[in-house]
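Notes follow once the structure below has been shown.
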Amino acid sequence: MLINHLHPKFGISIENIKITKLNEEQKFQLINLFEQYSLIIIRNQNIKNEDQINFTKIFGKLEITKPGTLGSNSNLVILTNLDEFGNVVDTSHKQSKNDKANQQWHSDSSFKIIPAQASILSGKQIPSEGGNTEFVSMRVVYENLDQELKDKINNLKAIHHFAHSRSKIDKNLVSKIEYEKFPPVIQPLIKINPKNKKRALYFGSHTVHIKDMQPNESVNLLNYLNEFATEDRFIYSHKWKKNDLLIWDNRAIIHRGKNYNPKQARYLVRTTVEDTSSVAQYLNEKR
Ligand code: OGA
Ligand code: MN
């Protein structure tokens, strides 16, 4: 495998592979690179959804797409501004608002009791202006925190809630079924990778507040961490080409979409792997 680095501290691109034609040795290598670098870009993968699903199984158990998202009940999340007739939707359309919600820094499915490990995203239609996806390694961010702050936050937990991230875009964006299916969960503020023991900060748009902390202290801490984490020096910004395939580790990476010309079509297909090694708790135990 031919490897290039994307950011000095995380992320690689791999050339000369076809994800539909991997041998066992290459699959093993890919998992190791994923654990080490947290973000992998493979260009020129003109694949069918079925190929993507089969490839995703290398990393673990696939998520079933939640209600309220295009692709609901399948293994695919369709991120697009095209409606079922192939027309670009208006900015008032739910799909456009979902796009806006994804433009907030986040870790996929951190609001779920079983959060996401890998996300795998295939670029099918790419707008010519804007629409980058940006990545931050929360492992690198964590390494760069002062020791005093690390000590202070190492054992903290945070509340994550789907309705929280959506309400920042539009208070009616969450449907009743999503609201009921995804009550607030408690996640660690620091995720420790079970294989290599590397620590990463774990928060994003779904994070409401720090558990057992005074509200203003929690707001201040999250604001500080958020501003620190998203300094330019920590960001890798990916400019999409059609048939790019991106793989990232939600245990170590936060990401966001960027704005693009809303008149141009964008169509991406995601598969997501469950992080079964890090099951969260519900905030309210009565469930
Ligand atoms: C995602 C996501 C951002 C984008 O696929 O999980 O957040 O650029 N995508 O569309
Ligand atoms: Mn996402």
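The values are calculated or read from the model by the stated rules, or taken from the named source; none is laboratory data. All of these numbers come straight from a predicted model, not from anything done at the bench. Reconstructed Cβ throughout: ideal geometry from the backbone, glycine too, with neighbour counts over all protein chains shown.
The table below lists the values:
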{"item": "Single unsatisfied condition, Asp90 versus (1) closer than 19 Å to Ile14 by Cα; (2) surrounded by fewer than 16 Cβ atoms within 10 Å (Cβ to Cβ)", "result": "(1)"}
{"item": "Filtered residue count, the stretch 265-276, keeping only those that are within 16 Å of ligand 2 (Cβ to nearest atom), under 17 Å from the mean Cα position of the chain (by Cα) and outside any strand (DSSP E or B)", "result": "1"}
{"item": "Restricting the stretch 142-176 to residues that are β-branched (Val, Ile, Thr) and under 19 Å from His93 (Cβ atoms), the residue that is surrounded by the most Cβ atoms within 10 Å (Cβ to Cβ)", "result": "Val174"}
{"item": "Unique match (being away from ligand 2 (no atom under 16 Å from the Cβ) and at pLDDT below 95) among Lys286, Lys198", "result": "Lys286"}
{"item": "Criterion violated by Asp83 - all others in (1) surrounded by fewer than 17 Cβ atoms within 10 Å (Cβ to Cβ); (2) under 19 Å from Val269 (Cβ atoms); (3) touching a Phe, Trp or Tyr at 6+ places or on another chain (Cβ under 9 Å) satisfied", "result": "(3)"}
{"item": "Pairs with Cβ under 6 Å, 6+ apart, first in the stretch 46-60 and buried (at least 16 other Cβ atoms within 10 Å of the Cβ), second outside any loop (DSSP other than H, G, I, E, B) and of a type in the set (Gly, Ala, Ser)", "result": "Gln52/Ser122; Phe59/Ala118"}
{"item": "Wholly enclosed strands (runs of 3 or more DSSP E) of the stretch 186-264 bearing at least 1 residues away from ligand 1 (no atom under 16 Å from the Cβ)", "result": "190-192, 199-201, 207-210"}
